[in-house]
Amino acid sequence: MEPILSRNFNVPNAWKLSVAESRGAYETARKTLTSMKPDEITQVVTAANLRGLGGAGFPTGKKWQFLPKETTKPIYLVVNADEGEPGTFKDRYILERDPHQMIEGIIISAFAIRSHKAYIYIRGEYVEPFRRLQSAVDEAYAKNFLGKNIFGSGWDLDLVVHRGAGAYICGEETALLNSLEGGKGFPRLKPPFPAIVGLFGCPTIINNVETLACVPPILKNGAEWFSKLGSPGNGGTHLFSVSGHVKKPGVYELPMGTLLREIIEKHAGGLRDGRKLKAVIPGGISAKILTANEIDVKMDYDGLKAAGTMLGSAGVIVMDDTTCMVGALYLACKFFAHESCGQCSPCREGTGWAFKIVKRIYEGQGSVKDLDTLLKIASNMEGRTICVFADAAAWPIQSYITKFRSEFEEYIGRNVKLEMQNVK
């Protein structure tokens, strides 16, 4: 398969406009804005089966169609570049190595939804990606690819790059909007959804970096071409961030529906010599874990849902037989307890309580009863808050303990035995 999103990743200085243009950047945007109508673009994107590649997997064209047909308010396009999910670094590659493909996607998408103002909300810790992205935006303005009368089409578009301050919760789209407005990153109750009441109270579409980078290739090659690249209902390719105990960690662009086993064993080079696979997180740290016997699963939204987990951000974290599952859960719970925004009581109290218990177990002071308490806490967190952060914090607890309970019990029993020996 010829790379699509990653075709410029290894091209020197592809983040600079001169290099990007030499490789076809902005040609599709120019043609689209001067020869197509907004609704026609939306129809093509819908037919391509492009789904949101930030984690939710909602059909992109369908989301665009939620905008009100007639409105006196401005329509905003907001790009979610707040890539804070542990184990995920795919958007960083686009922002650092080929930002012009995303900017071109923004231009086409803004035209499709009739927006004249777009914002890129980028993760605060992404210092070098921000520098290169801002440089790319400045170069696009200098060539009149942004601003007034783009490509002589009569269409105006302003694009603003806004840096976040390092809050994981701002990856949730409504928390991102509050932060962009200058407020605290608290998620909002839905409905109303952002397509109706979004940024500054106006209709707003929020799309992920990778999602928008797919738009130019779709318009260039057609919806049928893109749809056939992937699996049924999951068009195109996906950038998979692979980390952990593999020989070749990195970002791999592969068709939607590629088997998880193939990603690990073929593309990432397999496990370290002499080691056996123990578990895999398929979609960033919030996704429910899979055991070594569950990796013959299609890496798309439907395949992983059927397996009881999710594709999420496509952050594949591989764990071999040296991994302590108690330690792994300790790190996950520590992260979620630290990052909870504190707006909802089940999440604010639940994440902190769960972390204290897991910490006690990890430090050798736990009991088997703690495991049932953790499962009860997770159950009371799931589905009871404004956003899905509490669910994301609950899922590792549920899956780690359920699938590796004997290891947790052995860990607890071993430490109890050592403590009794020390007392004697």
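The values are calculated or read from the model by the stated rules, or taken from the named source; none is laboratory data. Worth saying up front: this structure is predicted, and the values here are computed from it rather than measured. All Cβ positions, even for glycine, are placed from backbone atoms using ideal geometry, and neighbour counts span all protein chains on display.
Things to note:
- Sole exception among (1) farther than 23 Å from HIS100 by Cβ; (2) touching a residue at least 40 places away in the same chain (Cβ under 8 Å); (3) exposed (fewer than 14 other Cβ atoms within 10 Å of the Cβ) for LYS69, by number: (2)
- Hits in segment 172-185 (condition: farther than 26 Å from ASP138 by Cβ and either touching an Asp or Glu at 6+ places or on another chain (Cβ under 7 Å) or assigned to a helix (DSSP H, G or I) (or both)): GLU173, THR174, ALA175, ASN178
- Some residue of segment 346-361 being under 24 Å from the mean Cα position of the chain (by Cα) and within 17 Å of GLU172 (Cα to Cα): yes
- Subset of segment 101-132 [hydrophobic (A, V, I, L, M, F, W, C) and within 25 Å of PRO74 (Cα to Cα)]: MET102, ILE103, ILE106, ILE107, ILE108, ALA110, PHE111, ALA112, ILE113, ALA118, ILE120, ILE122
- When segment 346-368 is filtered for residues that are over 16 Å from ILE401 (Cβ atoms) and part of a loop (DSSP other than H, G, I, E, B), the ones remaining, listed by number, are GLU363, GLY364, GLN365.
- Counting only helices (runs of 4 or more DSSP H) that sit wholly inside segment 81-171, those with at least 3 residues that are of a type in the set (Asp, Glu) are 127-142.
- Considered as a group, the residues in segment 235-252 that are more than 18 Å from PRO3 (Cβ to Cβ) and outside any loop (DSSP other than H, G, I, E, B) include one that is farthest from the chain's Cα centre (by Cα), and that residue is VAL246.
- Residue match in segment 255-276 (condition: in contact with a Ser or Thr (Cβ under 6 Å, 6 or more places away or on another chain) and surrounded by 22 or more Cβ atoms within 10 Å (Cβ to Cβ)): yes
- Residues of segment 148-174 classified as surrounded by 14 or more Cβ atoms within 10 Å (Cβ to Cβ) and under 29 Å from the mean Cα position of the chain (by Cα), total: 15
- Residues of segment 186-198 classified as crowded, with 22+ Cβ neighbours inside 10 Å and either modelled with pLDDT under 95 or in contact with a strand residue (DSSP E or B) (Cβ under 8 Å, 6 or more places away or on another chain) (or both), total: 2
- Number of positions in segment 15-26 that are more than 15 Å from ASN144 (Cβ to Cβ), in a helix (DSSP H, G or I) and not aliphatic (A, V, I, L, M): 2
Rundown of residues vs (1) among the aliphatic types (A, V, I, L, M); (2) at pLDDT 95 or above; (3) in the same structural domain as GLY222 (by TED's automatic domain parsing), yes/no style:
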site	(1), (2), (3)
MET1	yes, no, no
ARG23	no, yes, yes
THR28	no, yes, yes
PRO38	no, yes, yes
GLY54	no, no, yes
PHE58	no, no, yes
GLN65	no, yes, yes
LEU77	yes, yes, yes
ASN80	no, yes, yes
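- Residues that are surrounded by fewer than 24 Cβ atoms within 10 Å (Cβ to Cβ) and more than 19 Å from ALA140 (Cα to Cα), drawn from segment 91-112: ARG92, TYR93
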